[in-house]
1. Would you mind calculating the relative contact order of the stretch 2-215 from Cα pairs under 8 angstrom and at least 6 residues apart, reporting the percent as a whole number?
2. For the stretch 119-193, calculate the relative contact order in percent as a whole number, restricting contacts to Cα pairs under 8 Å that are 6 or more residues apart.
3. With a cut-off of 18 Å, note down the residues of the stretch 192-233 whose backbone N falls inside the zone around a label point 7 Å from the Cα of residue 80 toward its beta carbon.
4. Report the label-to-label distance for residue 135 and residue 237 in nanometres (one decimal), using points 7 Å from each Cα along the Cα→Cβ vector.
5. What does a probe at residue 89 reach in the stretch 125-150, counting residues whose amide N is under 16 Å from the point 7 Å along Cα→Cβ?
6. How far, in nm, would the chain grow between residue 67 and residue 55 when pulled straight, counting 0.36 nm per residue and subtracting the alpha carbon separation?
7. Which order, highest average first, do 67-79, 134-146 follow once you tally other Cβ atoms within 10 Å for each residue and take the mean per peptide?
8. Compute the helix-to-body angle for 229-246: its Cα long axis versus the longest principal axis of the chain, expressed 0 to 90° and rounded to tens.
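We did not get these values from a lab; they are worked out from the coordinates using the rules stated. In this text, all values refer to a predicted model and were calculated from it rather than measured experimentally. Glycine gets a Cβ as well: all are built from the backbone with ideal geometry, and neighbour counts include every protein chain shown.
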């Protein structure tokens, strides 16, 4: 479980997160959504320890992430754009990451899991190819395997299916649901709302640095009286725009 308590974060005069508090339970898939500039990337980076909040606390399991790093060993992270040395082969990259995680993971189990995922995502023929020679879709498959192979308690996926072919998308979603059944915590961000509707148990919708909605996709559709999640979110944003416009000087409130 991840507990986020009154997180504030500013960059200069820009107040990005404004007292965000939320619980992300184990055994659930939670989608963090919001328009550009809403604060979702900053929130994810705070959880990862890549951005230090100005105030507030983040508790992962029993660990307060403030002034700590050891909790990261139990995170599988898939960034939107992962960059590795281009001269490495895929196998060399796998070995490098395994070496980095020695002492923090069961390497034998990680190797077994990697072999299984290599087969699932059908990249056997690319293992001895250099990263610079791979297509974007194949690179994304490699990145997905790296995020899954150490069997962490918390997964964070940033636009995980971008570049994946339809078969790989299906296999990724199946794997995520297996992780959920094992009681893992899964946090994802995506602009593909059909995936949210398909996989997510809960949505955390951020707007202007605050949580604007928290609940299930079905609850949001019912609340906004829309048949699809895309239309429900559009309606949610329209209502916020109207609220702001009505508060402008010269408007009748």
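1. In percent, rounded to a whole number, it is 32.
2. Here the relative contact order equals 35 percent.
3. 192-196, 204-210
4. 3.0
5. Within reach of a label on residue 89, which here means backbone N under 16 Å from a point 7 Å along Cα→Cβ, the stretch 125-150 contributes 125-134.
6. Taking residue 67 through residue 55 to full extension adds about 3.0 nm, to one decimal.
7. Going from most to least packed, we get 134-146, 67-79.
8. For 229-246 against the chain, the angle is about 40 degrees.
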